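Below is one structure, written out as structure tokens; comments come after it.
Bear in mind that the values in this text are calculations on the coordinates, not laboratory data. Treat the numbers as computed from the prediction; the structure is a model and nothing was measured.
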Amino acid sequence: MVPLIDSHAHLNDRRFEADREEVLARAREAGLAAVVNVGFDLPSSAACLELAGAHPFLYAAVGVHPHDAGEVPPDYLERLRELARKPKVVALGEMGLDYYRNLSPRAVQEKVFREQLALARELDLPVIIHDREAHAAVLGILRKDGLGRRGGVMHCFSGDWELARECLELGLYISLAGPVTYPNAQKTREVAARVPLERLLIETDCPYLPPQPWRGRRNEPAFLRCVVEEIAALRGLAADEVAAATAENSRLLFGLPGTS
Ligand SMILES: [Zn+2]
Ligand SMILES: [Zn+2]
């Protein structure tokens, strides 16, 4: 079984509270070599770090999600900087814009996104970007401000091939999650078939977005192989090829051990 890397999970979500250790054990049994566990505000980022400290195959990303941008304390950037310097932090994020739910005012979302991009450039860390219904604004900011040397990933990519092409031109990786297995997700399935293999990542975004067989239930890293199999089928490749390539891409982007 070729090992998999889940590039985006929320294992500190309270839906994992009752059985987190079992979920992690199932992830190991399912061949997960590493999981990047992602924060969405300061407390959840600290929790990601703590969990990563207890499990060798877990890594942490620290950041402020656009939903939470309106609630950050005035000194959040300094506190994020401190968290980001701890061992096992492999990226800043998730950060970005969400014009679908608009839980924070757009101007605040943009400010907090840009400040975190600047912090990533300063700390030389890759970024994990959340973009929902905000494609033009996200691309505009990335073009104006610039990604750092370490680049980043468009997580749970939801755009069409045209947007994917623009993201690739900016040097971003494209990460696909459970929706690629949904029969009506035509745009995402087209992207899955066309993104160059060396720029593709996979993720669960668990507990959200379970692959088709588990829809309506809680997602978890052990379900990730289903995403790999779907992408492989769409590309006419063996699942092991997609597993190996996406794992190597995650290792390169996040600087995880085992990079060849
Ligand atoms: Zn997200
Ligand atoms: Zn997420």
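Computed values, structure above
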{"read-out": "Value of relative contact order over the stretch 86-217, rounded to a whole percent, pairs C-alpha under 8 Å and six or more apart", "value": "19 percent"}
{"read-out": "For the stretch 88-134 versus the stretch 1-65, the gap between their alpha-carbon centres in whole angstrom", "value": "20 Å"}
{"read-out": "For the stretch 237-252, 3J(HN,Hα) per residue [Karplus equation, 6.51 cos²θ - 1.76 cosθ + 1.60, θ = phi - 60°, Hz, x = Gly/Pro]", "value": "10, 6, 4, 4, 5, 5, 4, 5, 5, 5, 5, 5, 4, 4, 4, 5"}
{"read-out": "Most mobile listed residue (Arg121, Arg218, Arg132) in the chain, GNM with C-alpha springs under 10 Å", "value": "Arg218"}
{"read-out": "Qualifying lysines (Cα of each under 18 Å from Cα of Lys144; at least 8 residues distant if same chain)", "value": "Lys111"}
{"read-out": "Cα-based radius of gyration of the stretch 157-260 once divided by 2.2 N^0.38 Å, which approximates compact folds", "value": "1.02"}
{"read-out": "Directionally averaged projected area (convex hull, Cα atoms, the stretch 56-195), nm²", "value": "8.8 nm²"}
{"read-out": "Measure of compaction for the chain (Cα Rg per 2.2 N^0.38 Å)", "value": "0.92"}
{"read-out": "Hits among lysines - C-alpha to C-alpha of Lys86 under 20 Å, sequence gap 8 or more where chains match", "value": "none"}
{"read-out": "Value at 222 nm in deg cm²/dmol, rounded to 500, when DSSP H runs of n ≥ 4 in the chain each add -39,500 (n - 2.57)", "value": "-12500 deg cm²/dmol"}
{"read-out": "Whole-Hz ³J(HN,Hα) from phi, Karplus 6.51 cos²θ - 1.76 cosθ + 1.60, for the stretch 48-53, glycine and proline x", "value": "4, 4, 5, 5, 5, x"}
{"read-out": "GNM flexibility winner over the chain from Val153, Val36, Val72 (Cα, springs under 10 Å)", "value": "Val72"}
